[in-house]
Structures are given as structure tokens and as C-alpha cells.
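Derivation of every value follows stated rules applied to the coordinates shown; laboratory data play no part. Note that the coordinates shown come from a computational prediction; the quantities given were computed from them, not determined experimentally. A quick note on method: Cβ atoms are made from the backbone with ideal geometry, for glycine too, and the neighbour counts reach across all protein chains shown.
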Amino acid sequence: MEISIQCFANLVEEGVCDHKGAVRHQIVEGENIKCLITRLGIPDNEIQTAFLNGRAVDLKTALHNRDRLTLVPAVGAA
């Protein structure tokens with residue numbers, strides 16, 4: 001299963017998450033956003049809002065094949 005991730009500001013990391021275009025990542029069935037970002041090395045305390053398929057969601061939200069995840073950083077995160 002595969003999803004695409006887009007990030008902004010200080011969350012951008014080449015090959016992991018980009019603001020210019022979505023980066024694709026493999027997920028396992030039952031994986032949620034928090035598990036994925038932990039696996040990718042993105043600290044959850046730096047995320048203010050997560051959008052899944054255009055809707056604001058909690059980090060405990062389960063991911064599904066072909067989902068589109070957008071991560072917005074917390075204000076003032078470094």
C-alpha cells in the first residue's frame with residue numbers, strides 16, 4: 001500500500017517530505033499517521049495540523065492505500 005506526503009516549512013526533508021510535490025511512501029495495513037511520521041523521523045510535536053485527503057485529522061487516524069497526507073508545522077517550530 002502506498003500514500004503520498006506533502007510538508008511545509010521546517011518539516012521539508014528531501015526524499016521524505018516536500019512542499020513542491022508529494023513524496024510517495026509505502027505503508028502497512030493498520031498504520032496510522034503517528035506511526036508513519038515516527039518511522040520517517042518527523043517529530044510529532046513539530047506538527048500543528050495533519051490533513052488527510054483534504055480534511056484535518058488526528059495523528060491517530062489510520063492510513064489507507066492512495067491517501068494524500070499533508071503536514072503543517074507548528075508555529076515557531078524550529
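Overview of values
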| item | result |
| --- | --- |
| Cβ-derived FRET efficiency at R0 22 Å, ALA74 paired with GLN26, nearest 0.05 | 0.25 |
| Percent RCO, i.e. relative contact order, over the chain, from Cα pairs under 8 Å lying at least 6 residues apart | 41 percent |
| Net +/- balance of residues flanking ASN53 in space, Cβ distance below 10 Å, scoring K and R +1, D and E -1 | +2 |
| Kirkwood-Stokes translational diffusion coefficient of the chain, alpha-carbon pairs, 37 °C, 0.692 mPa s, µm²/s | 270 µm²/s |
| Largest to smallest principal axis extent of the C-alpha atoms in the stretch 29-68, angstrom | 23, 20, 14 |
